[in-house]
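Have a look at the structure below before the remarks.
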Amino acid sequence: MRALKMVVLLAFAQMFLVAAALAQSHGTADEAKALVEKGLAHIKAVGVDKAAEDINAKDGKWTEKDLYVIIIKFDGTMVSHGANKAMVGKNFNEMKDANGKYFTKDMAEMVKAKGSGWVDYLFTNPLTKKIEPKSTYAVRIPGYEGYIGVGIYK
């Protein structure tokens, strides 16, 4: 009986450690907002073109945990992508999530109307390879026909 209790305790400890490790690898809503604000400050300091170039660089300054910065024009063209430079230059306006939602268009419409906010949709998590609920915090870039955003997996 004592051995069984020890096995159960070890199993719970292992589950706790795995959960703690996963929590540390996922960014929070507050961290996403902070990364967007950091990106906006950089844009104001160096301009959109230079900031996009910097965000596309793989130096780790524009990624935190599983968070990364994107800049998208209102026409749907990806200007920068902190996690996958191959996305740059592609148009995402016609991309739908698993429920048929045009989330890139929704982000553009939301920031045009409100200036900033969250858009919820489904997206494939690159870590788990599963379609999961995602929410992106997006903010209109002043003087530019586009927005900056950072998404979280819920």
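Values quoted throughout were computed directly from the atomic coordinates according to the rules given, and no laboratory measurement underlies them. Since the model is a prediction, treat every value here as computed from it, not as a measurement. Neighbour counts are summed over all protein chains in view; Cβ atoms, including those assigned to glycine, are modelled from backbone coordinates with ideal geometry.
Near the amide H of ILE141, within less than 5 Å, lie the amide hydrogens of GLY146, TYR147, ILE148, all on another chain or at least 5 residues away, with H placed in the peptide plane. Ordered by the count of other Cβ atoms within 10 Å of each Cβ, fewest first, SER135, SER25 give SER25, SER135. Hydrodynamic estimate: the Kirkwood radius of segment 41-80 over Cα pairs, inserted into Stokes-Einstein at 37 °C and 0.692 mPa s, corresponds to D of 308 µm²/s. Less than 5 angstrom separates the built amide H of TYR68 from those of GLY151, all sequence-distant by 5 or more or on a different chain.
Here the residues GLU64, GLU109, ranked from fewest to most Cβ neighbours within 10 Å of their Cβ, fall in the order GLU109, GLU64. Sequence-ordered 3J(HN,Hα) estimates for segment 61-75 from the Karplus curve with 6.51, -1.76 and 1.60 and θ = phi - 60° stand at 6, 10, 10, 9, 6, 9, 8, 8, 8, 10, 10, 10, 6, 4, 7 Hz, glycine and proline given as x.
Straight-line reach from LYS90: taking Cα to Cα under 24 Å and skipping same-chain neighbours fewer than 8 places apart, the lysines in range are LYS50, LYS58, LYS61, LYS73, LYS101, LYS105, LYS112, LYS129, LYS130, LYS134. Taking 17 Å as the straight-line reach from the Cα of LYS85, the aspartates and glutamates in range (excluding those fewer than 8 positions away in the same chain) are ASP49, GLU53, ASP54, ASP59, GLU64, ASP66. The overall shape of segment 77-137 is oblate: from the C-alpha gyration tensor, with semi-axes ordered a ≥ b ≥ c, the ratio a/c is 1.5 or greater and a/b is no larger than b/c. Expressed in Å, the radius of gyration and Dmax of the Cα atoms of segment 50-154 are 12.8, 37.
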